[in-house]
Structure formats: structure tokens, C-alpha cells
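What follows is one structure encoded as C-alpha cells, with my remarks underneath.
The values are calculated or read from the model by the stated rules, or taken from the named source; none is laboratory data. Predicted, not measured: the structure shown is a model, and the values here were computed from it. Heads up, the Cβs are rebuilt from the backbone with ideal geometry, glycines too, and the neighbour counts pull from every protein chain shown.
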Amino acid sequence: MIKPQSKPVEYYNEFQERMFNEDSLSELEYKRALKLLNNNKSIEAICAVGLAHALMGRKADAVNWFESLAPFTDLFILKSYGSVLRFFGENKKLIKLSLGYADSFKDAWFSWKNMDYYYTIGDISNSARKAREFLSMLLNDENKKRAEYSIAQQLEVLSLIYSSGHCTPEQFTVFSDLVFDILDKHEIPIRYVEMFYWGEDGTSYEIGVPIKKGDFTTLRKLNDELIKRIVKIEELDGCEVMPCFTHGGMSNWRYTHGA
């Protein structure tokens, strides 16, 4: 017989789904949830309180709730906090948080996610290090082959960017910071980053964002702001990596690891 979920677990799962769907809570739902959750000391209840604050649009309360739990010794809490930061489009804070704990937990998903974050900011050595760690945890041969191919492709492009002189690591940091600064300003969470090396034609740095289908106005505004700000940054003179925002999907060879 399947054991029914406890109420805090039900709330936690429901709130995660609502955040994924960019939903919210009514005042009544919020108060009912807190009344039950505040009297429960389970990890699901503790995290669900923070999610409830987020779904009510109480960003400061949600962030302060999770910050009060730091330093994080439980990956469940850290991932829940990450969900809240993503919900509010706090990309810089999310990446800083995750990479700050990158070596604190031995977990396949977490290693994969940090490998991808290091790739996103152009840190090839740490991305490769986390890739090796992640691959050592994969048991499924088919998934491992797909992951190995995807990671090899990603790291090869990063290597070509630097070896060709298209961009220096310092320049990469400047333009990736700019990308996240723009997304954070508009409270838009990043979906993925993908790079394409085109030889003499430079390199494209594509940033996938969750724009509604057909909403080209928002996409155009993001890219217009990006171009206007890039041309004003002297450190990027000579950089042949061109970032751009897109609503498309990743290449079909890219591997993603489920939580």
C-alpha cells in the first residue's frame, strides 16, 4: 500500500509546480498554508514556507527566509532557495549561490548544474572538473554516452573561443555579467546558454529565455539593450563573441540531467 504524502510534502510539491507555471497564491491560500507549515519542523515544511512567500510575491520575505537558514548543509534547502531565486529572475544571485556550494555536496544533478554554470560564465577548467565529477556518478551507460558527447562539444567550443583569440577569459566575464545584469533588471530567468564557434566569423553566445511564443517585442528590447550597452564597454573591443537573447530551444545533442 502506498503511504499518503504528508501535508507539508503536498504543499511543497504543489508550490514548486505553481512556481514552474508562474502561478501565485491567494491571500486565503497563503494564510492557510502558513498556519499549518509554521507548526511543522520538517524540511519540506521549512522550505514550503519560503515558497509560499515567493508565490505571494513577497520577494524580500522569501529571500530572507532562506538566508536565515544559511550556511546550507542540506541540498534540499539549497535547491529550494535556488527555485525561489529563479522564480524572481535573480540569475546572478542564483549562480553565485550555486557555485559557492559547488564542492559541498556529492550529487549528480548538482554537479551537472554547476558544470553548466561554469560553462555559462566561461570558466573552462572548473566546468571540465565538474564534468568529470558528474560523469563518474552516472550509472546508465546510454545516458553517460549522451552526456559525454554533449560535454565534449561544449568544452571544445569554449577551448576554441580562447585558443582562436575570439575572446579572453576577462572579456568573457564582462559580457556574461552584462547578460545577467540585463536579465536580472527585467526579472527574467535564464533557461540555457549555448555557444557556436564559426571560425573567422566569430562565435555566437545564445541565451535562451522563457519568452511567450510570438512575443518578439520583449526579445527585441532585450537584444537592443544588450547591443547598446556592449558598444559602450571598452574592455570588449576586439571581442568576437556576440551574445544574443533567443526564445528557441537548445540543440538536440545537448544533454540535460533531471533533478
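The residue pairs whose first member lies in segment 33-57 and is farther than 12 Å from Tyr81 by Cβ, whose second member is in a loop (DSSP other than H, G, I, E, B), and whose beta carbons are closer than 6 Å, counting only pairs six or more residues apart or on different chains, are Leu55/Ser24; Leu55/Leu25; Met56/Leu25.
Taking segment 66-81 as the range and being surrounded by fewer than 21 Cβ atoms within 10 Å (Cβ to Cβ) and assigned to a helix (DSSP H, G or I) as the test, the residues that pass are Glu67, Leu75, Phe76, Ile77, Lys79.
Taken together, the residues in segment 225-246 that are in a loop (DSSP other than H, G, I, E, B) and either out of contact with any strand residue (DSSP E or B) (no Cβ under 7 Å at 6 or more places or on another chain) or closer than 30 Å to Asn140 by Cα (or both) amount to 6. Of all residues in segment 105-133, those that are in a loop (DSSP other than H, G, I, E, B) and touching a Leu at 6+ places or on another chain (Cβ under 8 Å) total 3. If you filter segment 172-224 down to residues that are more than 20 Å from Ser127 (Cβ to Cβ) and acidic (Asp, Glu), you find that the one that is modelled with the lowest pLDDT is Asp215.
Just wondering, is there one or more residues in segment 205-224 that are in a helix (DSSP H, G or I), free of Cβ contacts under 8 Å to residues at least 60 places away in the same chain, touching a helix residue (DSSP H, G or I) at 6+ places or on another chain (Cβ under 7 Å) and not β-branched (Val, Ile, Thr)? Checking segment 205-224: at least one residue is in a helix (DSSP H, G or I), free of Cβ contacts under 8 Å to residues at least 60 places away in the same chain, touching a helix residue (DSSP H, G or I) at 6+ places or on another chain (Cβ under 7 Å) and not β-branched (Val, Ile, Thr). If you go through segment 184-206 and pick out every residue that is crowded, with 16+ Cβ neighbours inside 10 Å and of a type in the set (A, V, I, L, M, F, W, C), you end up with 4.
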